[in-house]
Amino acid sequence: MRSLLETQLLAIRHGETEWNCQGRFQGHLNSELNLAGLAQANALGTRFTAERFDLLLSSDLGRALQTAEAIARHTGHSILVEPGLRERNMGIFQGLTPAGAQARYPDEYTRFARRDPDYAIPDGESMRQFFERCVACFAELATRHAGLTLTAVTHGGVLAMLYRHARAMPLEAQRDFPLHNTGVNRFRHRQGAWQLESWGEIGHLGHAPDDPE
């Protein structure tokens, strides 16, 4: 029997959006799932008919909710909306491509590109602020729902922060792990610590096997 101090988490990135394809900073703005994203979400929902979990949570941003709704249609779960699962607030860069942000805000973009964790994008969050928000949100969810298995639909940036936290990876380090749309990532929370169990499961998409941890 699982210890009541242990919480299982299946953390999932939303399906592909038009802005994903265009390489735009989405942040707290939204772009609808495109046709590929809708197909990914439906395949994810079908996969989750074989997963046993207690609660379905989602970021309050539309692209995550669309993805969570696809799971709910297949499993019958209600969706618990959690604003703490939102993507990083990208401030003045939101809606722009990197090239567009660099052209419009050259000084700000140069500072952003240096990966200083304490640099806050104007009208947005620093990486450290974002990291601390994400870690606090997941810790609170693990405590509130101790002993349960949670499925949480969120965003690539949020998943990257939880990965770094679980692996003690510095915020300054370049990302060396994939962030698949509708990829399933498994974590375990026990005695106040997160452990990564598997990363980037995308077998439900049919064109690639699940990635090993």
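Computed from the coordinates by the stated procedures, all read-outs in this text should not be read as laboratory data. These numbers come from a predicted model, not from an experiment. A quick note on method: Cβ atoms are made from the backbone with ideal geometry, for glycine too, and the neighbour counts reach across all protein chains shown.
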Using Cα pairs under 8 angstrom and six or more residues apart, how large is the relative contact order of the chain, in percent? 30 percent
Segment 5-54: radius of gyration over Cα atoms, expressed as a fraction of 2.2 N^0.38 Å: 1.42
Across the Cα atoms of the chain, what radius of gyration and what greatest pairwise Cα-Cα distance (Dmax) are found, in Å? 16.8, 57
Can you list the chymotrypsin sites (Phe, Trp or Tyr not before Pro) in segment 1-60 that are in a DSSP coil and have 15 or fewer other beta carbons within 10 angstrom? none
